[in-house]
Amino acid sequence: MADSASQVLLGSGLTVLSQPLMYVKVLVQVGYEPLPPTLGRNIFGRQVYQLPGLFAYAKHIVKVDGRVGLFKGLTPRLCSSAIGTVVHSKVLQRYQDAEQAEPGANKKEHVSSLEQVLKETSREMVARSAATLITHPFHVITLRCMVQFIGRETKYRYRAWGQLWGAVGLIPRLLGDILSLWLCNMLAYLINTYALENGVSMAEMKSYSQAVTGFFASMLTYPFVLVSNLMAVNNCGLAGGLLPYAPSYSSWLDCWSQLHKEGNMSRGNSLFFRKVPAGKRYVWEERRFR
């Protein structure tokens, strides 16, 4: 119980700290560009036209809504984080209790490192999926609260809880989480088994390469995050989910297909050194590129 409480407190603190970053990222993902490109320098020192980065974008939000504006959507996100943490820990605890209750649980059997990775990853997948399923409505509300900034809506009204559970980005979100988890853990296992000199335990493996492989896994599965977030706000009655920012997607696969055709599969992935989209012009009236 104490562990769950400490995890909730830690998760809540991290959620508050990361809220401005997520807020800016979501608005960029939708395609909202309130500031025109400016002449700057890229990482190689060459002069290029760039889009405003995280700090310039956040400064614009503060100018419009004040510092409190950076934390729009924080309440449902905190609910999602707290509930998700509890569900995740409860599911893993059930696995541990069931394992200890098995006959001969105290006898130590030799288990290969690969079997251990597969076992722990499978359990983690179930725990994360359960947490995602239960907290998804709060995630949708969070995104829609943030997107209200575009049309200056003051109160988000959702039709029904059933709509939040429906085709609003749940499937790509689950797929992205599962793929990211398996890619991260399997890459970590391969690196520590074949790239390092000595074999290592599961705990040591995590300390060596979990962060690195997690980064690459998140990069590879980012399109699932983008599609999920866009589907969560698409055609929901808010300006940010309607034309000219987004057409009405028939499904998440339709959204994926259109983003792929437009070359926007990585939109919002980076909030620094943002390049102007090739072949597109900035439309000041619409605050976007087309």
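Overview of values
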{"read-out": "Radius, Kirkwood style, for the stretch 28-97 when every pair of distinct Cα atoms is counted (Å)", "value": "15.8 Å"}
{"read-out": "Formal net charge of residues neighbouring residue 268 (Cβ-Cβ distance under 12 Å; K, R +1; D, E -1)", "value": "+2"}
{"read-out": "Distant-in-sequence amide H partners of residue 288 (H built 1.01 Å from N, under 5 Å)", "value": "33, 283"}
{"read-out": "For the stretch 1-56, the Rg and Dmax computed from alpha carbons only, in angstrom", "value": "17.6, 55"}
{"read-out": "Counted charge near residue 136, where neighbours are those whose Cβ lies closer than 14 Å (Asp, Glu -1; Lys, Arg +1)", "value": "+3"}
{"read-out": "Protein accessible area in the stretch 1-76, 1.4 Å probe - carbon and sulfur %", "value": "67 percent"}
{"read-out": "In Å², nearest 10: area of residue 288 left accessible to a 1.4 Å probe", "value": "40 Å²"}
{"read-out": "Hull-based mean projected area of the chain, where the convex hull spans the alpha carbons, in square nanometres", "value": "18.6 nm²"}
{"read-out": "Charge tally in the Cβ shell below 12 Å around residue 28, where Lys, Arg are +1 and Asp, Glu are -1, residue 28 excluded", "value": "+4"}
{"read-out": "Of every Cα-Cα pair in the stretch 1-147, the percent that sits beyond 24 Å", "value": "53 percent"}
{"read-out": "Helix-only CD estimate at 222 nm, as mean residue ellipticity for the chain, using -39500 (n - 2.57) per DSSP H run (n ≥ 4)", "value": "-21000 deg cm²/dmol"}
{"read-out": "Residue order for 173, 290 - accessible surface, 1.4 angstrom probe, largest first", "value": "290, 173"}
{"read-out": "Hydrodynamic radius by Kirkwood, which averages 1/r over all alpha carbon pairs of the stretch 244-290, in angstrom", "value": "12.1 Å"}
{"read-out": "Accessible area expressed per residue, the stretch 220-285, with surrounding protein chains retained (probe 1.4 Å, Å²)", "value": "53 Å²"}
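The values are calculated or read from the model by the stated rules, or taken from the named source; none is laboratory data. Note that the structure is a prediction, hence the values are computed from the model and not measured. Because the Cβ atoms are built from the backbone with ideal geometry, glycine has one as well, and the counts that use them run over all protein chains shown. The area values use the complete protein model at the heavy-atom level, side chains included, leaving out ligands, DNA and RNA. Shrake-Rupley method; radii C 1.70, N 1.55, O 1.52, S 1.80 Å.
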